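First the structure, in the form of structure tokens, and then the observations on it.
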Amino acid sequence: MNNYRLKIYSNQAGASTLLMAGVLLFSTTLITLYGAQVSILEQRVTNNFYRAKQATMGSDAGLNKAITAIDKSQITTDSGTLDILTLSGVGAYTISYQTIVPDDPNKLQVTVTGQSLDDSATTKISQQFEFSPFIRKSFPAVTLTSLDNVLLTDNINIDNKDKDNDTVLWAGGTLTKSGNNVNVPRSPSQITDPNNRKERIVTSSEKLSLNADGSEKNDDAFFETFFSNTKENIRKVSTVINCNTSECTNNDIEGLSGLIWISGDLTMAYDKETGIYNKNAGIIDPIILVIDGDFKMSHKNANINGLVYIMGDWLNNNAKGKIKGSVIVEGNTVLTGTAGSNEFLELKYNQTIIDYLINNSGVYLPVPGSWRNFENS
């Protein structure tokens, strides 16, 4: 009897082992399935994070592009799209804008939408931008300004018919005229009626060459009398033409407009027009030439429409050609025309050109504190 009972118990012990093995196998299966599910979830999270990062990188790239590339000529309506670009392996962005004040392109709300490459994730960032002109709104209406001495000899015409009673020529040093056909309108002492439309010459060191405290301006301070920023910062936003190894000519700047920085000397030696101004056709696209060197004009059909700023000297024999706009010289100005010929150097102040440059030539700068980051979607 006892032996029979022991046999039954022995068979039951095998069934328990089988049951435990089944439980362990089931548990292992559950753990494996759970691990697989967690792995899938982690993969999805990683993919989502990667796509969100692509979208964020796209929006950051778009905002950086907006900071460097917004041009006022693009702002033709109160709202619009400035640029759409897919970045290789990174993502894509769309730059759009809205004027803050209707019909006023000087202040914009720029929104950049970044997208992942598969368009499943987007990020939006927004910032306000304000237009900053390269030259000051208080730009003096003067045809020729020289910080140092001015000597004019033979066949030179300088006038300022765009502004009533404004200055034709300003010299920080001495002004000397000699020879024939030097046509610079009369000085203030010759004007009996100050309300009459007459141009005048001012040769006084009490004006642009002095700071507010009466001290002499250095070249950098003189530059900032006309430009809205330092030389270093203006150069950073210019198209730079390197003329240090050899002298540049107007062939090197043919077809250019906007802000051009000449690193070296420049001679207008060919029959070329630099900058565009056609009053009758209503076409205008003038140039700002900043010359970090000396300057000459030596061809009768070499024309410049815009602002010319010369950091060196303007020492010019056989001077000829035409400039419409304004000329500023940090150094000495010695202009000698071609005596006995019908070829002249003509300098004419043009308010339309200067106004265009003030209103259209500049950069959009981010407004501090206006950056906004929207949630990813």
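The values are calculated or read from the model by the stated rules, or taken from the named source; none is laboratory data. Remember, it's a predicted structure, so these values are computed and weren't measured experimentally. All Cβ positions, glycine included, derive from the backbone under ideal geometry; neighbour counts span all protein chains shown.
List the residue pairs whose Cβ atoms are under 6 Å apart, where the first residue sits in segment 304-321 and is part of a strand (DSSP E or B), the second is among the polar types (S, T, N, Q), and the two are 6 or more positions apart or on different chains.
Ile304/Thr274; Leu307/Ser326; Trp314/Thr333
For Gly264, all conditions in the list (1) touching a residue at least 60 places away in the same chain (Cβ under 8 Å); (2) buried (at least 16 other Cβ atoms within 10 Å of the Cβ) hold save one; what is the number of the exception?
(1)
Could you tell me whether any residue of segment 262-272 is in a strand (DSSP E or B), at positive phi and not hydrophobic (A, V, I, L, M, F, W, C)?
yes
Would a scan of segment 57-69 turn up a residue that is assigned to a loop (DSSP other than H, G, I, E, B) and in contact (Cβ under 8 Å) with a residue 12 or more places away in the chain?
Checking segment 57-69: not a single residue is assigned to a loop (DSSP other than H, G, I, E, B) and in contact (Cβ under 8 Å) with a residue 12 or more places away in the chain.
Of all residues in segment 127-154, which are closer than 25 Å to Ile84 by Cα and in contact with a helix residue (DSSP H, G or I) (Cβ under 9 Å, 6 or more places away or on another chain)? Before you say what the answer is, go through the steps one by one.
Let us first name the residues in segment 127-154 that are closer than 25 Å to Ile84 by Cα, namely 127-132.
Result: Gln127, Phe129, Phe131.
State all residues of segment 137-176 that are at pLDDT below 85, out of contact with any strand residue (DSSP E or B) (no Cβ under 6 Å at 6 or more places or on another chain) and polar (S, T, N, Q); if no residue qualifies, say none.
Hits for segment 137-176 are Asn165, Thr174.
In segment 226-261, which residue that is out of contact with any helix residue (DSSP H, G or I) (no Cβ under 9 Å at 6 or more places or on another chain), outside any loop (DSSP other than H, G, I, E, B) and of a type in the set (A, V, I, L, M) is nearest to Ile323 (Cα to Cα)?
Ile260
Assess whether Leu82 counts as being under 21 Å from Val363 (Cα atoms) and touching a residue at least 40 places away in the same chain (Cβ under 8 Å). Full working, then the answer.
On the way: under 21 Å from Val363 (Cα atoms): yes; touching a residue at least 40 places away in the same chain (Cβ under 8 Å): no.
Answer is no for this residue.
All but one of (1) under 16 Å from Gly258 (Cβ atoms); (2) crowded, with 21+ Cβ neighbours inside 10 Å; (3) touching a Ser or Thr at 6+ places or on another chain (Cβ under 9 Å) hold for Tyr349; which doesn't?
(1)
Select from segment 92-117 the residues that are surrounded by fewer than 20 Cβ atoms within 10 Å (Cβ to Cβ) and not in a strand (DSSP E or B) and write down the one among them that is nearest to the chain's Cα centre (by Cα).
Going through the qualifying residues, I end up with Asp103.
If you take the residues of segment 347-377 that are of a type in the set (Ser, Thr, Tyr) and in a strand (DSSP E or B), which of them is farthest from the chain's Cα centre (by Cα)?
Filtering first and then ranking leaves Tyr349.
What about Ile262, is it of a type in the set (Val, Ile, Thr) and closer than 22 Å to Glu232 by Cβ?
For Ile262, the condition - of a type in the set (Val, Ile, Thr) and closer than 22 Å to Glu232 by Cβ - is met.
Return the total of residues in segment 118-166 being over 19 Å from Lys348 (Cα atoms), among the basic types (Lys, Arg) and surrounded by 16 or more Cβ atoms within 10 Å (Cβ to Cβ).
Number of matching residues: 1.
Looking at Asp292, is it surrounded by fewer than 17 Cβ atoms within 10 Å (Cβ to Cβ) and among the acidic types (Asp, Glu)? Talk me through it step by step, then tell me what you get.
Details: surrounded by fewer than 17 Cβ atoms within 10 Å (Cβ to Cβ): no; among the acidic types (Asp, Glu): yes.
Here the answer is no, as Asp292 does not meet what is asked.
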